[in-house]
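Notes to accompany the following structure.
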Amino acid sequence: RQLRQEYLKSVKDVAPVYDGWQRVKAGAQLGSGPGDMSMIFGYMKMLDPGSVVREGEYANARTGAGGPEQLRAEYNRLVGGGVLSAEQRKQFLAAAEAAWTPYSARLDDAKRVYGSLAGQYGMDPARITVDPVPATVNAATEEAASSDPSPGDEVDGYRYLGGDPSDEASWEPL
């Protein structure tokens, strides 16, 4: 029990970052204003899992840097139903994956170290290295396993916007 508690303490911040990563990916698939809001809030929670994302921080994440009026205008546009461009969605996905990768690696390292310790003490490693996130945690593996395009992908002269890949409305001609 003590070894499991030590392990869980070492990976306690992985689950909220993973939740943010999942929100970013799910929001990108929607390709809509609410999906974009989910992406941005999920990304901000990845960066600081314990914080409350306020409108100003949200606007900064959406537009990068800019004057206060530009930030307010962009925030109001998005709340009113506007959407990120396909390129912006792609950038958020890439940034979120980059933010998740060290957590995923740390989780893998902790499983290896504590699993090895458990084995040395004659315990079943699976009883010590319980997973703080759902079974599939490696972002690179998830992306490689997915056959669906990501928003912004270009296929046969069309750009994927998000949503159902079999729906024509999910694509725009280049």
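What to note about this one:
- Solvent-accessible surface of protein heavy atoms, probed at 1.4 angstrom with all chains present, puts M39, M123 in the order M123, M39, largest first.
- Residue-level accessible surface for R4, protein heavy atoms, 1.4 Å, Å²: 70 Å²
- Amide H contacts under 5 Å for R159, placed H, 5+ residues apart: E172, L174
- Per-residue SASA remark: V130, around 50 Å² accessible (1.4 Å probe; ligands, DNA and RNA not included).
- Ordered from largest to smallest accessible area (heavy atoms of protein chains, 1.4 Å probe), the residues L93, L47, L8 come out as L47, L8, L93.
- Lysines whose Cα lies under 27 Å from that of K111, excluding same-chain neighbours fewer than 8 positions away: K9, K12, K25, K45
- Residues within the reach of a label modelled at V155 (point 7 angstrom out along Cα to beta-carbon, backbone nitrogen below 16 Å), restricted to region 19-52, are 29-31.
The values are calculated or read from the model by the stated rules, or taken from the named source; none is laboratory data. Everything numeric in this text was worked out from a predicted model, so none of it was measured. We place every Cβ from the backbone using ideal geometry, glycine too, and count neighbours over all the protein chains shown. Side chains are part of the model used for accessible areas, which takes the heavy atoms of the whole protein and leaves out ligands, DNA and RNA. Shrake-Rupley method; radii C 1.70, N 1.55, O 1.52, S 1.80 Å.
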